[in-house]
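Asks: What follows is a single structure, and I will ask about it in a moment.
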Amino acid sequence: MNLSSVDLNLLVALEALLEERSVTQAARRVGLSQPAMSNALARLRALFGDELLRREGVRMVLTERGTRLAPAVATALAGVRRVLAPPPAFDPARADLEFNIGLTDYAEALLMPAVAARLARVAPGIVLRGIRLDNLFLAPETELAEGRFDLALGFFGAAPAPHRGILSAALWRDRNVCVSATRHPRLKGRTITEEQFLAERHAAVFYRSSGPGLMDTVLAGRGRSRRVTLYTPHFVSALAIVAASDLIAAAPERLARLYARWLPLRFRRLPVVFPEFEFSIVWRHNRHTDEALAWLRCQIIEAATASVH
């Protein structure tokens, strides 16, 4: 049967007729007049080539075809109603969801404790799965597009690629400082000169297997270079290494301030002109109206705002 030739509204009338077994009651149930329902029954009889309901004395009974149709029609319309029904409102207290978040240990250390505390209070059924980013400064477009990340946190700047369907919100700005052990054998004063900085051995946070990092590129543009003797893909590891050695590192100030509470670290103004970082949250535009994800973004942004203030 070609569905385009059938008035599917007749199914609603058919369901009411088969369940009520009364033209009058069926008409009242779906908000039609009795003549309109009688007309619908006539059309249904023609469509199925069967009476569907017939009068026996003072009541109407289903034919054999009508009896077979009743559960099938009810199931079909229940499915249609589910398709057309609005999605249930997101309730964080009852949510049982898992979100994949692309991030670095910088974001984990500075932001995730506050976010986790918020979720423990208001959304205990939500699970956050942190997944390490492959790049420090580029938004993970492929992972977001393929749904491997629900959102990502990193040094992406504001709106890194809006033309590619990525939306963003800036959370805060950070700058690199020079970090050393408190009892570094050669660095004693409150400041460090560029010559001192370049003369020391460095630990560097590095995500690539080879090639120059951003700091090395900046220095090379001025005809200078530093001596990196240890590479690590983790900010926190770099700080721990520096605290236990005579290596120094260029590290984000927010993270250095946090870990200086627990590790014997000292940080000084970086003697090299270096750009600030904008730490931001990014997500795909086609997930912008996802109620649960929008709620999670708000929790992250509110936690970041509280941290800034």
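Asks: Residue by residue through segment 71-83, which ³J(HN,Hα) values in whole Hz follow from phi under the Karplus form 6.51 cos²θ - 1.76 cosθ + 1.60 (θ = phi - 60°), with glycine and proline marked x?
Replies: Along segment 71-83, the couplings run x, 5, 5, 4, 5, 4, 6, 4, x, 4, 5, 5, 5 Hz.
Asks: Let me ask something else about it. log₁₀ I(q)/I(0) of the chain at q = 0.07, 0.10, 0.11 Å⁻¹, via Debye over equal Cα point scatterers, no solvent, to two decimals?
Replies: Taken in order of the listed q values, log10 I(q)/I(0) reads -0.50, -0.69, -0.77.
Asks: Please find the FRET efficiency linking R208 to A244, where r is the Cβ-Cβ separation and R0 is fixed at 35 Å, and quote it to the nearest 0.05. Before the final figure, lay out the partial values.
Replies: Details: r = 25 Å, r/R0 = 0.72.
So the FRET efficiency works out to roughly 0.90.
Asks: Now for a separate question. Calculate how steeply helix 9-20 sits against the longest principal axis of the alpha-carbon atoms of the chain, using the helix alpha-carbon long axis, and give the answer as 0 to 90 degrees to the nearest 10.
Replies: 60 degrees
Asks: Sticking with this one: Can you give me the relative contact order of segment 3-84 as a percent, contacts being Cα pairs under 8 Å and 6 or more apart? List each step's numbers first, then the result.
Replies: Values: 71 pairs, mean separation 23.5, N = 82.
That works out to 29 percent.
Asks: For segment 78-111 and segment 29-75, what is the centre-to-centre distance using only Cα atoms, to the nearest Å?
Replies: 44 Å
Asks: Subtract the Cα-Cα distance of K188 and R261 from 0.36 nm times their separation in residues, and report this length gain in nm to one decimal. All intermediate terms of the calculation are to be shown ahead of the outcome.
Replies: Working: separation 73, 0.36 × 73 = 26.28 nm, distance 1.93 nm.
The span from K188 to R261 would gain 24.4 nm if fully extended.
Asks: Okay, next question. Within 13 Å, Cβ to Cβ, of L239, how many net charges do the neighbouring residues add up to if Lys/Arg are +1 and Asp/Glu are -1? Provide the component values of the computation, followed by the final result.
Replies: Working: positive: R254, R257, R261, R266; negative: D105, E253.
Local charge sum for L239: +2.
Asks: Amide H of G130 versus every other amide H placed in the peptide plane: which residues, excluding those fewer than 5 positions away on the same chain, fall under 5 Å?
Replies: I101
Asks: Turning to a different aspect of this structure: Relative contact order, percent, of the chain when contacts are C-alpha pairs under 8 Å separated by at least 6 residues? Provide the component values of the computation, followed by the final result.
Replies: Details: 449 pairs, mean separation 59.8, N = 309.
Contact order relative to length: 19 percent.
Asks: Each label point is 7 Å from the Cα along the Cα-to-Cβ direction; what then is the distance between the points at R81 and F48, in nm?
Replies: 1.9 nm
Asks: Something else: So which residue, out of T182, T217, T24, gets the largest mean-square fluctuation from a GNM of the chain using Cα contacts under 10 Å as springs?
Replies: The residue that fluctuates most here is T24.
Asks: Using a Förster radius of 35 Å, what is the FRET efficiency between H285 and S225 based on their Cβ-Cβ separation? Nearest 0.05, please.
Replies: Values: r = 42 Å, r/R0 = 1.19.
About 0.25, to the nearest 0.05.
Asks: Here is a further query. Among DSSP beta bridges whose residues both lie in the chain, state the antiparallel percentage, nearest 5.
Replies: Numbers: 24 of 38 bridges.
Approximately 65 percent, going by the DSSP bridge assignments.
Asks: OK, next. Once you list every other residue whose beta carbon is under 12 Å from the beta carbon of A72, what net charge do they have if Lys and Arg are +1 and Asp and Glu are -1?
Replies: Working: positive: R65, R68; negative: E15.
Local charge sum for A72: +1.
Asks: May I pose another question? Just how large is the dipole of segment 176-275 about the Cα centre, in debye to the nearest 20, putting +1 at every Lys and Arg Cβ and -1 at every Asp and Glu Cβ? Could the numbers behind the result be given before it?
Replies: On the way: 16 positive and 6 negative charges, 56 e Å.
With Lys and Arg at +1 and Asp and Glu at -1, about 280 debye.
Asks: For a Förster distance of 51 Å, can you work out the FRET efficiency between the beta-carbons of E195 and A89, rounded to the nearest 0.05?
Replies: Values: r = 62 Å, r/R0 = 1.22.
Once the sixth-power term is evaluated, E becomes 0.25.
Asks: How big is segment 176-275 in terms of Cα radius of gyration and Dmax, in angstroms?
Replies: Spelled out, the Cα radius of gyration and Dmax of segment 176-275 are 12.5, 37 Å.
Asks: Taking the highest mean first, how do the peptides 238-247, 73-82, 192-201, 273-282 order by number of other beta carbon atoms within 10 angstrom per residue?
Replies: Working: 238-247: 19.6, 73-82: 12.4, 192-201: 15.2, 273-282: 17.5.
Averaged packing, sorted descending, gives the order 238-247, 273-282, 192-201, 73-82.
Asks: Something else now. So what are the radius of gyration and Dmax for the Cα set of segment 237-309, in Å?
Replies: 17.1, 50
Asks: Give the relative contact order (percent, whole number) for segment 176-275; include only Cα pairs under 8 Å separated by 6+ residues. Write out the running numbers ahead of the final one.
Replies: Details: 159 pairs, mean separation 49.4, N = 100.
Dividing the mean separation by the residue count of segment 176-275 yields 49 percent.
Asks: Which one of V218, V228, V30 has the biggest mean-square fluctuation once the chain is modelled by GNM with Cα springs under 10 Å?
Replies: Of the options given, V30 has the highest mean-square fluctuation.
Asks: How far is it, in nm, from the label point at E98 to the one at Q25 when both lie 7 Å from their Cα along the line to the Cβ?
Replies: 5.0 nm
Asks: Can you tally the net charge around R121? Count Lys and Arg as +1, Asp and Glu as -1, for every other residue whose Cβ sits under 15 Å from the Cβ of R121.
Replies: Values: positive: R94, R118; negative: D91, E302.
Here the charged neighbours net out to 0.
Asks: Per-residue ellipticity at 222 nm for the chain, helices alone: DSSP H runs ≥ 4 residues times -39500 (n - 2.57), over residue total, nearest 500 deg cm²/dmol?
Replies: Details: 12 runs with 125 residues, N = 309.
Here the helix-only value at 222 nm equals -12000 deg cm²/dmol.
Asks: Follow-up question, since we're still on this one. Placing unit charges on C-beta atoms (Lys and Arg positive, Asp and Glu negative, everything else neutral), compute the dipole magnitude of the chain about its Cα centre in debye, rounded to 20. Working shown, then result.
Replies: Numbers: 40 positive and 30 negative charges, 162 e Å.
My answer is approximately 780 debye.
Throughout, read-outs are computed from the coordinates displayed, never taken from laboratory work. Just so we're clear, the structure is a prediction, and the values are computed from it rather than from any experiment. In this analysis, Cβ positions are derived from the backbone assuming ideal geometry, glycine residues included, and neighbour counts consider all displayed protein chains.
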